[in-house]
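The values are calculated or read from the model by the stated rules, or taken from the named source; none is laboratory data. It should be emphasised that the depicted structure is a prediction, and the values quoted were computed from it without experimental measurement. All Cβ positions, even for glycine, are placed from backbone atoms using ideal geometry, and neighbour counts span all protein chains on display. Calculation scope for accessible area: heavy atoms of the full protein, side chains included, ligands and nucleic acids excluded. Shrake-Rupley method; radii C 1.70, N 1.55, O 1.52, S 1.80 Å.
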Amino acid sequence: MSTYRFRIISTERAVLAEHDRHLADMPAVWCELVLLSWRVPEAGAHIEVSDEAGEMIIRVGIATARATAARTGAAA
């Protein structure tokens with residue numbers, strides 16, 4: 001298991017929320033990201049995910065995360 005930091009960033013680049021999760025692999029990271037995207041009401045916001053070293057590994061807009069979930073049948 002690795003620790004990943006999830007940050008929701010507003011259109012004004014403010015951090016709206018931040019939490020760490022211990023997850024097994026990248027599919028689990030994407031699942032968490034998709035679930036998180038449905039809890040963000042702000043249009044234009046995005047999610048950033050960093051690994052244990054602090055390196056950003058994912059940066060995706062809320063709309064893109066939701067659309068990806070809909071196309072792939074990922075958890076919603």
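Computed from the C-beta positions of residue 68 and residue 3, the FRET efficiency with R₀ = 22 Å rounds to 0.40. Highest-first packing order for the peptide set 48-54, 34-40 is 34-40, 48-54, based on the mean count of other beta carbon atoms within 10 Å.
Where the alpha-carbon atoms of the chain are placed on the principal axes, they occupy 31, 30, 16 Å, in descending order. In the chain, the DSSP-assigned H stretches of four residues or longer account for a calculated mean residue ellipticity at 222 nm of -9500 deg cm²/dmol, using -39500 (n - 2.57) per stretch and the full residue count as denominator. Atom-type composition of the exposed protein surface of the chain places 53 percent of the accessible area on carbon and sulfur (1.4 angstrom probe).
Scanning residues 5 or more positions from residue 58 or on other chains, those with amide H under 5 Å from its amide H are 49, with H placed 1.01 Å from N in the peptide plane. Along the range 37-49 the Karplus relation, 6.51 cos²θ - 1.76 cosθ + 1.60 evaluated at θ = phi - 60°, assigns HN-Hα couplings of 4, 7, 9, 9, x, 7, 5, x, 6, 9, 10, 10, 10 Hz to successive residues, with x for each Gly and Pro.
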